[in-house]
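Some notes on the structure that comes next.
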Amino acid sequence: MQLGADGFLVTDCLLNPNEMDVNEVRHGTLEQFAQWVETLPTCKNPATSIQP
């Protein structure tokens, strides 16, 4: 995210031993994450030849 990419912290089963302030990042449940993904723009040039 420091490079400008969007991120989303799923908090359903979050372990937070260092007590990170999750209010500094976009966060929510897995259901909220799925809703957020639906709002993302379509990739104009997706990779098509990735080999495993």
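The one condition from (1) touching a Gly at 6+ places or on another chain (Cβ under 8 Å); (2) open to solvent by 80 Å² or more (accessible area, probe 1.4 Å); (3) not in a loop (DSSP other than H, G, I, E, B) that Met1 does not meet is (3). Within segment 29-52, residues that are within 22 Å of Val10 (Cβ to Cβ) reach partners that are at pLDDT 85 or above and of a type in the set (D, E, K, R) with beta carbons closer than 8 Å, at six or more positions or on different chains, in the pairs Thr29/Asp12; Leu30/Asp12; Trp36/Arg26.
Listed residues Glu19, Glu31; which is assigned to a loop (DSSP other than H, G, I, E, B) and out of contact with any helix residue (DSSP H, G or I) (no Cβ under 6 Å at 6 or more places or on another chain)?
Going through Glu19, Glu31 in turn, the sole match is Glu19.
Selection of segment 5-18 for residues being under 18 Å from Val37 (Cβ atoms) and open to solvent by less than 80 Å² (accessible area, probe 1.4 Å) yields Ala5, Gly7, Phe8, Leu9, Val10, Thr11.
The values are calculated or read from the model by the stated rules, or taken from the named source; none is laboratory data. This is a predicted model, so every value here is computed, not measured. Methodologically, a virtual Cβ is constructed for each residue, glycine included, from the backbone with ideal geometry; neighbour enumeration extends over all protein chains shown. These accessible areas exclude ligands, DNA and RNA; they are computed on the full protein's heavy atoms, side chains included. Shrake-Rupley method; radii C 1.70, N 1.55, O 1.52, S 1.80 Å.
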